[in-house]
Amino acid sequence: HERLGAGQRPHCGGGQAGNLGADRHWRNTDRTITATNGVPAEGGLEAESIESARERAGAAIRERSRAVTRPDYESTAVTTPGVALRRAHAAIGYHPTNPCTVVPGAVTVSVVPDAPRDDAADGGASFTFVAAPQPDPGALASVRRRLDEARLVGSEIFVRGPRYRRVSLAVEVNAEPADPQVTRRRITERLRSFLDPLRGGDQKDGWPFGQPLRPSMLLREAQQALGDEGKVISVSIGLDGKTPHENCIDVPIG
């Protein structure tokens, strides 16, 4: 139950109106357990029409029920019922204990959970920003069970969260902006968004798994953020806490 004032009732269900905001406090009836939701609720829908139900039933019939190819594994993982996942990547032949050898029949699926971003906030409601989302053990177990049911006989399935690399950037610009702090913040936010695991990359659907850091792409993003205020001279890159230094070639992230 939501912790409310005297005479108020908890609001549950009710279609989209049941999507409660973030930072609500909850407790069970004997007040032994309390919790706070760090992100706003989502997924509440209005009553479904008959036409919509027919379309959904048809789509369900066409859903993949067996995992054979890489897209099969990824689609099956992301659509695991009851788990809010945004992305998945299937590494065919990758075995966690033998990473340098292609192992026939082994498939390792990395899944990235959903997490709110600034553009998803409703009316400026506060929420907990998670820069590097990781699935919890329950989510991993659910995906593993679903893939185990869909896998081919003889396949060995591993499910895990993504491995993130910390990126440090130093941008040198030649400009005389009216407000240097605003310009610096605009470039920073542009590059942070471009590298984001959920909305980054050229397609804005998350930084591609394993894609190297290309200095030319980072310089392009910084220049677009700077606009006509000046010129970006260089973008230096550092990985995992190392001091950024200028690179002329792509920087692999694994």
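The values are calculated or read from the model by the stated rules, or taken from the named source; none is laboratory data. Just so it is clear, the structure is predicted and the values come from calculations on it, not from any experiment. No Cβ is skipped: glycine too gets one built from the backbone with ideal geometry, and neighbour counts run over all protein chains shown. Keep in mind that these areas ignore ligands, DNA and RNA; they rest on the heavy atoms of the full protein, side chains included. Shrake-Rupley method; radii C 1.70, N 1.55, O 1.52, S 1.80 Å.
How far, in nm, would the chain grow between residue 245 and residue 35 when pulled straight, counting 0.36 nm per residue and subtracting the alpha carbon separation?
Taking residue 245 through residue 35 to full extension adds about 71.2 nm, to one decimal.
Roughly speaking, to the nearest percent, how much of the chain's 1.4 Å accessible area is carbon and sulfur?
Carbon with sulfur: 51 percent of the solvent-accessible area.
Using 0.36 nm per residue, how much length does the chain from residue 128 to residue 189 gain when fully extended, once their Cα-Cα distance is taken away? Please report the intermediate quantities before stating the final value.
Details: separation 61, 0.36 × 61 = 21.96 nm, distance 1.74 nm.
Fully extending the segment from residue 128 to residue 189 adds 20.2 nm.
For the chain, max minus min Cα coordinate along each principal axis, in Å, sorted largest first?
Here the spans come out as 59, 59, 43 Å, largest first.
For the range 28-120, rounded, prolate or oblate, judged on the Cα gyration tensor with a ≥ b ≥ c (square roots of eigenvalues), a/c < 1.5 rounded, else prolate if a/b > b/c?
Oblate, because a/c is 1.5 or more while a/b does not exceed b/c.
How about the range 13-102: which trypsin sites (Lys or Arg not before Pro) there lie in a loop by DSSP and see at most 10 other Cβ atoms within 10 Å? Mind dumping the intermediate values first?
Working: sites: 24, 27, 31, 54, 56, 62, 64, 66, 86, 87; in loops: 24, 31, 62, 64, 66.
Listed in order of number, the matching sites are 31, 62.
If one puts a single equal scatterer on every Cα of the range 176-252 and applies the Debye formula without solvent, what log₁₀ I(q)/I(0) results at q = 0.16, 0.20 Å⁻¹?
Per q value, in the given order, log10 I(q)/I(0) is -0.62, -0.95.
If you average the sequence gap of Cα pairs under 8 Å that are 6 or more apart and divide by the length of the chain, what percent do you get for the contact order?
Relative contact order here is 14 percent.
Given a 1.4 Å probe and the protein chains all in place, what does the accessible area of residue 171 round to, in Å² to the nearest 10?
Here the residue's solvent-accessible area equals roughly 50 Å².
Ignoring ligands, DNA and RNA, what accessible area per residue does the chain give at 1.4 Å, in Å²? Working shown, then result.
Numbers: 16060 Å² over 254 residues.
With all protein chains present, the chain gives 63 Å² per residue.
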